[in-house]
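The structure appears right after this line, and notes come after that.
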Amino acid sequence: EEDDKESSSRWITFLMRISFLANIVLFALKVWTSASSGSLSVLGSTIESLLDLLSSFILWYSRRALESRDKYRYPIGKERMELLGVLVFAAVMGTSSFQLIGFCVEVLTEGKNDKLDLSVLAEVILGLTIATKLALWLLYRSP
């Protein structure tokens with residue numbers, strides 16, 4: 001049973017590192033795509049990637065805080081750290097969503113009808129994002 005827990009812990013750590021690395025690469029690619037295309041949907045996807053990085057950091061920090069228990073400093077433990085991390089992330093996610101919605105409404109009310117110009121490379125990057133997220137999802141579902 002102890003070996004199963006250790007193996008499971010290693011697998012979770014591996015998945016967290018892979019996810020974090022993938023999100024860093026995707027975020028960097030999306031920043032470039034967003035800047036070069038001017039697309040609000042790509043900007044929204046870029047913000048989503050930034051939030052993925054933030055959530056990965058929050059999960060890593062929560063896991064680290066839970067593992068480093070000091071029963072003298074924290075006599076009731078740190079089990080609430082994960083809930084606090086989720087709460088902080090939800091607040092940041094909601095705030096960024098409202099800001100993006102406000103920006104989109106502002107662009108719509110100005111009546112700008114700029115033609116969207118996505119390069120082939122930008123389309124490949126967005127396709128790579130979908131493929132990477134699908135691969136991560138399948139990896140998480142594996143035992």
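Since every read-out is calculated from the coordinates, none of them should be taken as a lab result. These figures come from a predicted structure and were not determined experimentally.
Structure data summary
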item	result
Extension gain, Phe89 back to Thr13 (0.36 nm per residue minus Cα-Cα distance, nm)	25.3 nm
Computed lengthening from Trp60 to Glu6, 0.36 nm per intervening residue step minus Cα-Cα distance	17.7 nm
Estimated vicinal HN-Hα couplings, Hz - region 3-10 in sequence order (Karplus 6.51, -1.76, 1.60; Gly, Pro = x)	5, 5, 5, 5, 5, 5, 5, 5
Length released on extending from Ser142 to Ile101, taking residue separation times 0.36 nm less the Cα-Cα span	11.2 nm
